[in-house]
Amino acid sequence: MCIAGSVTDCSIAEIFQFIEKTKKTGLLTIRSFPDSKATPSNVHYIWVCNGKIVAAANRLDEQGLSSLISRCKWVSDRVLTKLLQWCCPTNQPLGVWLKNNRVLESQNLEQLFQIQLLQQVYPLFQLKEAQFQFDSKAFLPAREMTGLNIPATEATLMGLRVLQNQGILTEGLPDPQKALISIISNQPLCRLDALEWQVWEFTNGTVSLSAIAQQLRLPVKTIQQTALRLISVGLVQEVPLLVNPLSKPAFHFVPLYPL
């Protein structure tokens, strides 16, 4: 099955939600439009397995991960080339095989996977115009895989946090005079940070984002950005401020006749 479209019609966050909820396996290709004809388009290849991101690169020659390892200088180019040519199996993630053979350590694999995400996944959330294609029949390249993975919606959270830290997350923020309401029946399964949990506690539709900011003594923009992350991963939705159903209006007894 192949699905294609534009991020103007279906956002990256919505695509990632779809991939995780339906536990898709395959290759997601994102091709961003250049600002000018002189600028080449950027292509991001994201491999997923059962709704989790397992690898990412900007090339399809299965040399992305080995190139990262080479740049990190953990293994000499000569040794790495020989390992890839003569020893490395094709049915096991390259990172796992290198770790099992004591070429790399666990922390090396974690760093490599984070580089993949930082370079190829997190920047996707700032794209305004791009084409996407998902191919469920695509081959999963073991040589691009560290053996680590991250649920697609958690990648959305991480990507939006990175954009916020870089000062990029400024558009599409929810209205500070509106509230949030949960659209799931249980507690979130994805890993929230401390502030996201604090905002989650207010998702009953009765407290505006500006009021949440006041209670938490934080800038309104920070709360808006946090709310946007929760909205983007399908945990809450923005709604007009509701009257708290638990609160009772104050009635004042006015006698009809003088006592």
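Odds and ends about this structure:
- Range in the chain, longest, excluding exposed trypsin sites (Lys or Arg not before Pro) [loop by DSSP; at most 10 other beta-carbon atoms within 10 Å]: 138-216
- In a fully extended conformation the segment linking S70 and K23 would gain 13.7 nm over its present Cα-Cα distance, using 0.36 nm per residue.
- Exposed-loop-free span, longest in the chain, where GluC sites (Glu not before Pro) count as exposed if DSSP calls them loop and at most 14 other C-beta atoms lie within 10 Å: 1-104
- Label point distance in nm, L242-S106, each placed 7 Å from Cα along Cα→Cβ: 4.4 nm
- The stretch between D77 and D61 holds 4.0 nm of extra length on full extension. This uses 0.36 nm per residue minus the Cα-Cα distance.
- Lysines whose Cα lies under 30 Å from that of K82, excluding same-chain neighbours fewer than 8 positions away: K73, K99
- Here the Karplus curve 6.51 cos²θ - 1.76 cosθ + 1.60, taken at θ = phi - 60°, turns the phi angles of region 86-92 into couplings of 10, 10, 5, x, 9, 10, 9 Hz, with x standing for Gly and Pro.
- Here the Karplus relation 6.51 cos²θ - 1.76 cosθ + 1.60, evaluated at θ = phi - 60°, turns the backbone of region 67-76 into coupling constants of 5, 5, 4, 4, 5, 6, 6, 7, 9, 5 Hz, with x for every Gly and Pro.
- Sequence-distant residues sharing a close amide H with L241 (under 5 Å, placed H): A179
- Chain lengthening between A4 and R217 when straightened (0.36 nm per residue, less Cα-Cα): 72.3 nm
- Taking every alpha-carbon pair in region 55-199 and binning the separations at 10 Å intervals from zero gives 9, 32, 29, 19, 8, 2, 0 percent.
- Phi-based couplings in Hz for region 158-168 (Karplus 6.51, -1.76, 1.60; Gly and Pro marked x): 4, x, 5, 5, 4, 4, 5, 5, 8, x, 8
- Top of T222, T25, T203 by mean-square fluctuation, Gaussian network on the chain, Cα under 10 Å: T222
- 222 nm mean residue ellipticity, helices alone, for the chain (DSSP H n ≥ 4; -39,500 (n - 2.57); rounded to 500): -9500 deg cm²/dmol
- Dipole in debye (nearest 20) - the chain, about Cα centre, beta carbon charges: Lys, Arg +1; Asp, Glu -1: 500 debye
- In the set (1) 184; (2) 126; (3) 145, the label that goes with volume of the Cα convex hull per residue in Å³ computed for this structure is (1).
Values quoted throughout were computed directly from the atomic coordinates according to the rules given, and no laboratory measurement underlies them. Predicted, not measured: the structure shown is a model, and the values here were computed from it. Because the Cβ atoms are built from the backbone with ideal geometry, glycine has one as well, and the counts that use them run over all protein chains shown.
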